[in-house]
1. Anything in region A:61-115 that is buried (at least 20 other Cβ atoms within 10 Å of the Cβ), more than 18 Å from the chain's Cα centre (by Cα) and more than 10 Å from A:Leu23 (Cβ to Cβ)? List them, or say none.
2. Find the residue count for region A:34-49, including only residues that are without any contact (Cβ under 8 Å) to a residue 60 or more places away in the chain and either not in a helix (DSSP H, G or I) or not charged (D, E, K, R) (or both).
3. Can you find, within region B:89-145, the residue that is farthest from the chain's Cα centre (by Cα) among those that are among the β-branched types (Val, Ile, Thr) and over 21 Å from A:Asp212 (Cα atoms)?
4. So for region A:132-147 (the condition being within 22 Å of B:Pro178 (Cα to Cα) and touching a Phe, Trp or Tyr at 6+ places or on another chain (Cβ under 7 Å)), does at least one residue qualify?
5. Yes or no: B:Gln106 buried (at least 24 other Cβ atoms within 10 Å of the Cβ), more than 9 Å from chain A (Cβ to nearest Cβ) and at pLDDT 95 or above?
6. Considering only region A:78-99, I want to know if a residue exists there that is over 24 Å from A:Glu127 (Cα atoms), of a type outside the set (A, V, I, L, M) and in a loop (DSSP other than H, G, I, E, B).
7. Of these, B:Phe191, B:Phe203, B:Phe170, B:Phe198, which one is within 11 Å of another protein chain (Cβ to nearest Cβ) and either on the phi < 0 side of the Ramachandran plot or not basic (Lys, Arg) (or both)?
8. Of the residues B:Leu98, B:Leu91, which single one is assigned to a helix (DSSP H, G or I), touching a Ser or Thr at 6+ places or on another chain (Cβ under 9 Å) and either away from chain A (no Cβ under 11 Å) or farther than 29 Å from A:Pro148 by Cβ (or both)?
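The values are calculated or read from the model by the stated rules, or taken from the named source; none is laboratory data. Nothing here was measured: the structure is a model prediction, and the numbers come from that model. FYI the Cβ positions are ideal-geometry reconstructions off the backbone, even for glycines, and counts take in every protein chain you see.
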Amino acid sequence: MIVAEQKPLDEIKNLLGDSQRVLVAGCGTCVTVCFAGGAKEAGILGSLLRMAAQLDGHPKAVTEVTVQRQCEWEYLDAIRDQVESADVVVSLGCGVGAQALAEHFPEKVVVPGLNTKFMGLPAEHGEWVERCAACGNCLLGLTGGICPIARCSKQLLNGPCGGSSHGKCEITCGDSQPDCAWQLIYDKLKAQGRLHLIMEITPPKDWRTSRDGGPRKIVRKDLKLPGTEIKE
Amino acid sequence: MSDTNGSPSNLEMVLKSGQFAVTAELGPPKNADAKAVRHKAGLLRGYVDAVNITDNQTAVVRMSSIAAGVLAWQEGLEPVIQMTCRDRNRLAMQSDLLGAYALGMQNILCLSGDHQTFGNHPQAKNVHDIDSLQLVQMVVGLRDRGRFQCGEEIKGTNPCFFVGAAENPFADPFDWRPYRLAKKAKAGADFIQTQMIFNVPRFREFMQRVVELGVHQQTRILAGVGPLKSAAAARYMRDHVPGMDMPDAIIERMEAAGQGIEDKNLRAAACKEEGIKICVETIEQMRDIEGVAGLHLMAMEWEEAVPIIASRAGLLPRPNFSQESAPCPAPN
């Protein structure tokens, strides 16, 4: 899933400026599951913004709505009336959802209420970890199902570097050291009797499939509707 | 191993002659002062076969390793240019390799690079377009295949470096390290410099496996050693340097060296003397380990210790093949 975190309230307040009518738009998919931007969080943020505006002496009309997926046009069509009656929309979707709103309602001011962090999973209750960097050419078949692009701090393909110690990476993220991805890869492949997979030198990666090749796009001719133009 | 088109470097000649090689390290200054490099080079000249010029070591901005390498060579000290994968992509690295060779550099050491969060620009974006193994392959490809990494032919002079890589025998997973070293040899590394060794029995264990795999016949391994200045430095290495194996016995020796000495300067001198003693003892043990072809003597910001250690460990005089290698470019 896409994992996100809510921005500090002061930052969101500043983004709203003097706008009177505010719509907080939640999203029912990834950010609901990671407790950052679902219906519940939209309700809480709406209340906080109302209270803050009251305390500041400039009350605002704040409403909330949550769509199933902010990143698809058809779900956005369903909230057209609420969007059009607001001066500003605070998107509690990920960066994709916020941009979809802004693109679908070009006259409307859309501001982000979240910081989109990564693609990952909940490792335990209240803790999410990154698992995929969307490099566009999956290596997991060679690395025991553990991604060195997303999980090695240096994205090594022939690791681990000399900083691997007791299963941990040499760097500190936040207040802890992440696991050494290459220790995990080694342990997994050894246990599976498949160390031969990393005995060979992995050649340099073609990063064109990643963000380095520019904004990415997939065209599936088989899924195109009849009569639509096919651009590649 | 290399079959260079150009003249071999002094380091290559020493290693190929079968003599026990000695390299040291020179950290460029955090400013644009050429004199600082020349001064350090002067301290090391004649006592080592070549000197590594670090590349923004510990991810702190310093004078470029290539520029400082040229300055060192002008002082008569053969450089090994360190190149990390942290700050440059494959275009910039190859461009710098062409430039370094054009300026007379002949040795290169290929490294991943310390993570930028350890340095003075933790906000920086890191590159890691390729890793250290792939860098070895790329430099070897420029030399032996006369081709850029993309496969395109180099028309005209190709850079013929003597190519080195590093390995940390003490990092985890310990069992995997000899195989990773074997991958570096397979990638074409002519020589290997190891992390600093304090735990000699552990290093012996590592080397035994390396020899069993026959890797010592595919590349030349220089054991990393260095003098400690104080017990505090030893403890810092144990606690804060990733992948460093510092036995308690070494720390205790360093602590005992300073005990009972009231005068601060005398105490520091006694500790330094003990550090040098430990280093010399370690060197003596390295000479007996099968597969060790030489030493990499790291005395960071303590270059004065190198001649003392080299002398006491019986490493002098150094052979000099520089007459037979490419002449040093005269400063203009």
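1. Selection gives A:Leu76 alone.
2. Going through region A:34-49 one residue at a time, the tally reaches 10.
3. Top of the filtered list is B:Thr117.
4. For region A:132-147, residues within 22 Å of B:Pro178 (Cα to Cα) and touching a Phe, Trp or Tyr at 6+ places or on another chain (Cβ under 7 Å): absent.
5. yes
6. yes
7. B:Phe170
8. Every option except B:Leu98 fails the conditions.
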